[in-house]
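Here is the structure we will look at.
The values are calculated or read from the model by the stated rules, or taken from the named source; none is laboratory data. These numbers come from a predicted model, not from an experiment. Glycine also receives a Cβ, built like all others from the backbone with ideal geometry; neighbour counts cover every protein chain displayed.
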């Protein structure tokens with residue numbers, strides 16, 4: 001079989017490394033029927049996109065046993081460098097061929113088996129396979145959403161510690177590993193001399209580590225090249241994590257997700273913020289995305305973090321998520337005083353924090369910071385008095401109507417504002433800053449739809465709007481459709497599925513007619529923009 005493959009490639013190499021010929025051989029070898037659609041997809045679609053990734057999702061219409069020769073064909077294929085079986089439940093026969101593929105292949109660099117139903121026994125066999133193939137160029141491994149547990153991770157640690165180039169991508173999220181497993185893993189990563197310089201992506205989220213993970217902290221504390229680190233939902237203590245991050249992760253780390261953790265595991269009511277907490281934020285030079293949602297951060301820690309960011313003169317365009325932290329009035333005061341001075345902040349999410357009327361002061365503080373382009377304040381209005389809601393909406397209106405306002409995106413999603421939202425929508429008519437707004441889940445009804453329609457007729461800045469779950473009736477969709485005839489800048493407005501479904505039950509013909517009109521208008525714009533782009537291309541070549 002190998003001789004046939006080599007002779008075929010030498011005489012007339014077919015598309016994608018002669019995959020079809022290899023696939024035919026494997027169908028014969030496994031005594032399974034040859035599927036012409038499989039060969040056509042690879043020879044035509046894959047080749048046209050010049051893709052090096054073979055994804056089993058492209059063949060999920062086949063029975064499980066029909067996947068066997070597809071996987072087997074990769075054993076001797078030098079074209080594909082990435083194998084992806086994400087969200088495909090693999091039978092034992094298919095898993096066996098995955099092992100054979102990894103044992104023989106000298107070209108596969110990326111292996112994605114997330115949510116495929118594998119257990120720790122497969123992880124053990126995969127470890128043996130990697131040991132048997134010292135020439136494997138594997139650099140990316142994703143086993144997330146599989147219950148491989150500590151036993152499986154422990155088996156993998158041996159070959160991972162010996163990979164001659166290490167890994168660049170490792171995802172073990174939601175795999176049932178504990179502190180024992182992650183300590184073993186971190187020790188293996190530390191033993192591999194290539195890992196600190198090559199490992200860029202590490203995701204260990206949604207595994208219950210708690211605070212006994214010293215080996216992981218030791219790995220993070222040594223100089224490394226991590227760009228993306230996800231420890232969300234691992235029950236680790238933030239006050240300890242940042243001590244390690246300060247020592248090893250200030251130079252290249254761009255994406256840090258620590259959401260759904262705790263600040264401290266200590267039972268003492270006295271909150272002590274270690275100096276490393278603030279120092280990390282003042283000294284990190286590459287951070288772009290910081291997710292600190294749902295960590296119930298003490299006010300002292302919140303202030304230290306914000307002041308650290310304010311002191312950082314190198315960072316730019318930081319996305320900060322502080323949602324679901326129950327910050328309330330005390331947190332609002334901290335944000336109000338610190339936000340104007342954080343010039344590295346690009347996006348701020350403070351949704352669901354029970355701010356009450358204090359949210360108006362935060363909105364005003366955002367207006368004093370010209371670097372903040374995106375703001376999310378939704379889910380803060382439950383049980384709030386109407387007069388306080390009105391005050392906050394007026395603050396938002398003032399923010400987006402200021403001549404020098406820098407805000408480009410606003411979200412008040414899932415706030416159930418009803419008629420109060422009309423204050424903001426009405427201001428969109430003359431707005432010259434916002435390009436995107438999310439008003440989903442506010443139940444503004446027909447009056448809100450009419451107000452939005454009027455605003456869209458004269459607005460020339462908005463490019464994107466999300467507005468589902470607003471109890472919009474058929475008449476509201478008709479008003480929006482009419483308004484879009486006079487609006488030439490809006491480019492993205494996803495179908496409000498929930499509202500369309502409800503309106504169709506009451507007035508199906510009117511609703512369908514209105515939404516068809518919306519679709520026609522957007523299709524016309526797409527065609528027109530495409531034609532303009534085609535017209536511009538030859539002119540650009542003459543410049």
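Listing for the model above:
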read-out	value
Count - residues of the stretch 363-407 that are closer than 12 Å to residue 434 by Cβ and free of Cβ contacts under 8 Å to residues at least 24 places away in the same chain	0
Residue within the stretch 253-266 that is surrounded by fewer than 20 Cβ atoms within 10 Å (Cβ to Cβ) and either without any contact (Cβ under 8 Å) to a residue 24 or more places away in the chain or over 27 Å from the mean Cα position of the chain (by Cα) (or both) present	yes
From 542, 486, residue being modelled with pLDDT under 95, out of contact with any strand residue (DSSP E or B) (no Cβ under 9 Å at 6 or more places or on another chain) and outside the structural domain of residue 436 (by TED's automatic domain parsing)	542
Count - residues of the stretch 134-170 that are on the phi < 0 side of the Ramachandran plot and assigned to a helix (DSSP H, G or I)	11
Residue match in the stretch 211-219 (condition: over 23 Å from residue 286 (Cα atoms), more than 21 Å from the chain's Cα centre (by Cα) and buried (at least 22 other Cβ atoms within 10 Å of the Cβ))	yes
Qualifying residue in the stretch 245-252 (condition: modelled with pLDDT of 95 or more and in contact with a strand residue (DSSP E or B) (Cβ under 6 Å, 6 or more places away or on another chain))	no
Residue within the stretch 179-197 that is within 23 Å of the chain's Cα centre (by Cα), crowded, with 17+ Cβ neighbours inside 10 Å and assigned to a loop (DSSP other than H, G, I, E, B) present	no
Which numbered condition residue 106 misses (of (1) modelled with pLDDT under 95; (2) in contact with a helix residue (DSSP H, G or I) (Cβ under 8 Å, 6 or more places away or on another chain); (3) closer than 16 Å to residue 52 by Cα)	(2)
For residue 339: the one exception among (1) surrounded by 19 or more Cβ atoms within 10 Å (Cβ to Cβ); (2) farther than 23 Å from residue 418 by Cα; (3) touching a strand residue (DSSP E or B) at 6+ places or on another chain (Cβ under 7 Å)	(3)
Condition broken by residue 229, with the remaining ones in (1) in a loop (DSSP other than H, G, I, E, B); (2) within 18 Å of the chain's Cα centre (by Cα); (3) under 19 Å from residue 142 (Cα atoms) satisfied	(1)
From the options 305, 292, 297, residue that is within 21 Å of residue 217 (Cβ to Cβ) and modelled with pLDDT under 95	297
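For (1) touching a helix residue (DSSP H, G or I) at 6+ places or on another chain (Cβ under 7 Å); (2) more than 25 Å from residue 415 (Cβ to Cβ); (3) part of a helix (DSSP H, G or I); (4) in contact (Cβ under 8 Å) with a residue 12 or more places away in the chain, each residue gets a yes or a no:
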residue: 471; (1), (2), (3), (4): yes, no, no, yes
residue: 475; (1), (2), (3), (4): yes, no, yes, yes
residue: 479; (1), (2), (3), (4): yes, no, yes, yes
residue: 482; (1), (2), (3), (4): yes, yes, yes, yes
residue: 489; (1), (2), (3), (4): no, yes, no, yes
residue: 494; (1), (2), (3), (4): no, no, no, yes
residue: 501; (1), (2), (3), (4): no, no, yes, no
residue: 505; (1), (2), (3), (4): no, yes, yes, no
residue: 510; (1), (2), (3), (4): yes, yes, yes, yes
